Structure formats: C-alpha cells, structure tokens
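Taking it in order: structure first as structure tokens, then the write-up.
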Amino acid sequence: MSSILTWAGTLLFILVLGIGFFSITFGIPGTWIILLDAFLYAWITHFSTLSFQVLIVLTLLAVAGETLELFLSIKGVKKAKPSRGVILVSFISGIALAIVMAPLFFGLGAILGALIGTFGGAFLMEYLAQRRLGHAARIGWKAFLGRLSGFLSKIVIAIIMMTIIFSRLFFH
C-alpha cells in the first residue's frame, strides 16, 4: 500500500510540474508553481530527495525567470517610446488572447495568442494615441519581440528547474 501511495504522490508531483510548465504559455508565473510543487514534495518527503540547497537554487531560478521575463518584455517596447498605457494594454491583451486561443493546436494556441495579443494590444493602443500606422506597427513589433524573448527565457529557466528536480528525483 505504501509503495502505491508513493507512486501516486510522485505522479501527482510530476503532473503539477507539467501544469506549472504549461501555465507559462498563459502568462501565469509557472516557475512559481514549479517551485511551490518542489517545496511541497520536499516537505512531504522530509527533504530526502530535494534538499534545502536545491530549493534555494530553484528559488533563485524562479526569481530570475520572472524578473528576466518582465525586463525583456518591457525593454524592447520602452526603447521605442510608446504612448502612455501601451505596455499595460499589450500585457493584458496578450494574456486575454492566450486564454482564448488555448484550446487551439493542443494548447499551443496559447503561445500564439499571447504573442498576437501582445502585438495587437500595443499596435491598437499606439495607433489610437498617435494615428500613425507605421509607428504603431513598430511599437507592436517591439512588444511582440519583447514578449517572445521574455517567454523563451522563462521557458529555458523552467526547463533548467525541472531538469534539476528530475535529476534529484530519478538519479539521486
């Protein structure tokens, strides 16, 4: 009975890791879900597999992932000097379209939705403020590239976090 509970708990742990990883596509802080899952697993297993040192490294990676995503998402569009509110609107429209498009392409529509929504929100907001099509397209493109680079950096960090966790889980 104990081994069945152990396997069930481990499978649940891995499922939540996957949910954390996938949630990044929706703009949700998936690295924090991964981290909280790791903390819970470590606590339940009395820190035998995931030590405090590993959890500290995972915490630093989660902070780095969220910070880097935010910095990269804002950096590109800010250099282009957008109108007031463009960054916020592009962020919100990216999340909204990610949620709407999530069911498409086996969930990969969320990524497309986030990128298209970010571009569309920035473009529309800038166009309404300046009435200059070329300038609005440039702002939208910068927002798109910033969101893409932020997203990719966070995905890489989440993969690193999960690699650390799996190496401790299966090869320790």
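The values are calculated or read from the model by the stated rules, or taken from the named source; none is laboratory data. Values in this document were obtained by computation on a predicted structure and should not be read as measured data. Here the Cβ positions follow ideal geometry from the backbone for every residue, glycine too, while neighbour counts run over all protein chains shown.
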| said: Name the single residue that is surrounded by the most Cβ atoms within 10 Å (Cβ to Cβ) among those in the stretch 116-157 being among the β-branched types (Val, Ile, Thr) and more than 20 Å from residue 32 (Cα to Cα). | reply: 118
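Got a sec? Which of 116, 95, 87 is under 22 Å from residue 31 (Cα atoms) and out of contact with any Asp or Glu (no Cβ under 8 Å at 6 or more places or on another chain)?
None of the other options fit; the residue is 95.
Looking for whichever is of a type in the set (S, T, N, Q) and touching a residue at least 12 places away in the same chain (Cβ under 8 Å) here; the options are 31, 45, 67, 6. Which one fits?
Details: 45 fails: touching a residue at least 12 places away in the same chain (Cβ under 8 Å); 67 fails: touching a residue at least 12 places away in the same chain (Cβ under 8 Å); 6 fails: touching a residue at least 12 places away in the same chain (Cβ under 8 Å).
Result of the check over 31, 45, 67, 6: 31.
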| residue 82 fails exactly one of the following numbered conditions: (1) touching a residue at least 40 places away in the same chain (Cβ under 8 Å); (2) assigned to a helix (DSSP H, G or I). What is the number of that condition? | (2)
| query | Do any residues in the stretch 10-23 that are farther than 10 Å from residue 41 by Cβ have Cβ atoms under 7 Å from those of residues that are crowded, with 17+ Cβ neighbours inside 10 Å and modelled with pLDDT of 95 or more, where the two are at least six apart or on different chains, and which pairs are they? | reply | 19/33; 20/33; 20/34; 20/37; 21/34; 21/158; 21/162; 23/33
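If I filter the stretch 4-38 down to residues being at pLDDT below 85 and either assigned to a helix (DSSP H, G or I) or basic (Lys, Arg) (or both), which single residue comes out as surrounded by the most Cβ atoms within 10 Å (Cβ to Cβ)?
If we filter the stretch 4-38 for residues that are at pLDDT below 85, which is where we start, we get 5-6, 25-28.
Going one step further and asking which of them are either assigned to a helix (DSSP H, G or I) or basic (Lys, Arg) (or both), we end up with 5-6, 25-26.
On the way: 5: 9, 6: 11, 25: 22, 26: 17.
So, considering only residues that are at pLDDT below 85 and either assigned to a helix (DSSP H, G or I) or basic (Lys, Arg) (or both), the one surrounded by the most Cβ atoms within 10 Å (Cβ to Cβ) is 25.
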